[in-house]
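In what follows, a single structure is set out as structure tokens and then discussed.
Only the coordinates and a few stated rules stand behind these numbers; no lab work does. The model shown is predicted, which means the values in this text are computed figures rather than measured ones. All Cβ positions, glycine included, derive from the backbone under ideal geometry; neighbour counts span all protein chains shown.
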Amino acid sequence: MSSPVESVLTLPYAVEMTAVTFGALSGALHATRKGLDPIGVFTIAVLCAVGGGAIRDVLLQQGTPLFLVSPAYLASAALASVVGVVFARAVGAALPVMNVVDTLLIGVWVVLGAERALLVDLTYSAAAFLGVVTATGGGLVRDLLCHEVPVVIMPGQWYAAAAIAAAVVFVVLVQSGVSVEIAQYVTILAAAGLRSGSLRFGWRTPTAYDLWGDLEARVSAGLESVRQAADERARRHD
Amino acid sequence: MGILTPAAVIEGIPLALPAWTQLAAVGVGAVSGAAYAARRGFDVVGVLLLAVAEGLGGLLLRDTLLQTGTSIVFIDGRYLIVAVGAAVLGFFFAGLIDRLEALVVVLDAIALGFFCTVGAQAALSQQLSPIAAVFIGTATAVGGLVLRDLLAGVAPRVLRPGVFTGAAAFVGALTYVALVGGTSLERGQAQIIAIVVVFALRLLAVRLSWSTRAASDMSERVWGFWSRAKVDEP
């Protein structure tokens, strides 16, 4: 099978660097709020930026992780972290802008991860999985290092859920022969749409639904009403 | 004739376990990860993530440590499909799964033993030392549990005093490596024996609530032993 993705750089390089930069900025913001010291903020910010890609590359085992090979990743992450540490208040004030960019970046991360997987001829399901890992890995690492239950697994707004849906959209489009060029922009829009939809309309991710308990309750309620009806009939008969 | 000698028992056992057994073990792990997430009140993403973590975590850890190229988990699409299917089961039937506790314990015990042998085997086929194989076998067996607990934000249960899991996995890996290295048994036979050992240990541990204790400082006692011995000498 020849890969539908010919180059990692189907998304402009600048987009990837923007993603890394904003990942570092939002990591720095999070760490500042947690009251970490400057080294802590710097560490969290850099890991937030490159963490998702690092986990992806370690899992892929196709050589040294990209962020170590190409110095631009660590350089822009470090630069953004320093900005985040020094100008924490200014970055905090720019939060609305950051949120918009962040919304657009979910799909970018998904595409970056999934394309890397398709590039080495992995299955479509693995590509979708690694896309989601790339999009959510940074936040996961951040939360684990801050010793918190990761935000992605708590009920709340759609972030990882949007990433999962976008990853499915991407692989379905690519599999059905749409060019990767078009598929990636559709994916980015889909993720952004779902994310902003959830923010706008307050969609929450569902928690587990006890289907079995529900069915059991219904059946026993049904049996109960049948029994009552029978009792009623018997009494009337008397 | 008629008397089942150990050799005769072993003759009926296949040379290596079929491939679907590994998928089944992944499924068992993933279902219990998903049920755990559902019980903890995590959302749909949490159920998916913890199902994948507990089902595939051990194999991913093994393949990452061994560095033998992209993990089988990503090359063979069925693994992710099984894990996601298990997550769906856990999402809707967590209540039922909780009630079938005995069955879950039994299946988990089998999967634990299975992962020990699979991990150890992978290390052995990379010509690693027996010690490394025991380590990788144990890591493969408990890796999923550890990853699940880490992601769920709790201290890994395997590392804390309690009904033993890690110890059973260690004994299982040891048994497998010893059987493969020290006897002329085929892989499948050694695998089944190790799985039975882990299964028996784990079930006895649960039944009789054997548990590991917190590590305690033994230096006082060791020192006391020696000084007493010295006093007794003359």
Here the equivalent ellipsoid of region B:35-112, derived from its Cα gyration tensor, has semi-axes (largest first, whole Å) of 24, 15, 10
Semi-axes a, b, c in Å (a largest) for chain B, each sqrt of 5 times a Cα gyration tensor eigenvalue, come to 32, 26, 18
Between B:W20 and A:L189, the two model label points (7 Å from Cα along the beta-carbon direction) sit apart by a distance in nm of 4.4
Placing one equal point scatterer on each C-alpha of region A:1-135 and summing with Debye, one gets log10 I(q)/I(0) at q = 0.13 Å⁻¹ equal to -0.54
Over chain A, the sum of -39500 (n - 2.57) across DSSP H runs of at least four, divided by residue number and rounded to 500 deg cm²/dmol, gives at 222 nm -26000 deg cm²/dmol
Quick numbers on region B:111-208, Rg and Dmax over C-alpha atoms in Å, give 13.4, 45
Here the longest stretch of chain A that holds no GluC sites (Glu not before Pro) in a DSSP loop having at most 16 other beta carbon atoms within 10 Å is A:7-147
Along principal axes, largest first, the alpha-carbon spread of region A:121-214 in whole Å comes out as 40, 36, 31
Log10 I(q)/I(0) at q = 0.13, 0.14, 0.18 Å⁻¹ for chain A, from Debye over equal alpha-carbon scatterers, is -0.78, -0.88, -1.34
One checks the Cα atoms of region B:172-222 and finds Rg and Dmax, in Å, of 15.8, 47
So for R0 = 51 Å, FRET eff. of A:A90-B:T64 from the Cβ-Cβ r, to 0.05, ends up at 0.80
For region A:7-105, listing trypsin sites (Lys or Arg not before Pro) in a DSSP loop whose Cβ sees at most 16 other Cβ atoms within 10 Å gives A:K34
For the protein assembly as shown, the Cα gyration tensor yields equivalent-ellipsoid semi-axes (√(5λ), largest first, whole Å) of 41, 33, 26
At R0 = 51 Å the Cβ-Cβ FRET efficiency linking A:L144 and A:Q228, nearest 0.05, sits at 0.40
Loop-resident trypsin sites (Lys or Arg not before Pro) in region A:131-238 with no more than 14 other Cβ atoms inside 10 Å, DSSP not H/G/I/E/B, are A:R204
Per-residue ellipticity at 222 nm attributable to helices in chain B (runs of n ≥ 4 DSSP H, -39500 (n - 2.57) apiece, nearest 500 deg cm²/dmol) works out to -25000 deg cm²/dmol
To the nearest 10 degrees, the tilt of helix A:124-145 (Cα long axis) against the first principal axis of the alpha carbons of chain A is 80
Once both label points are put 7 Å beyond Cα along the C-beta direction, the B:E186-B:Q126 separation in nm becomes 2.7
Scalar couplings 3J(HN,Hα) for region A:166-182 by Karplus 6.51 cos²θ - 1.76 cosθ + 1.60 (θ = phi - 60°), nearest whole Hz, x for Gly and Pro, are 5, 5, 5, 4, 4, 5, 5, 4, 5, 5, 8, x, 5, 5, 4, 3, 5
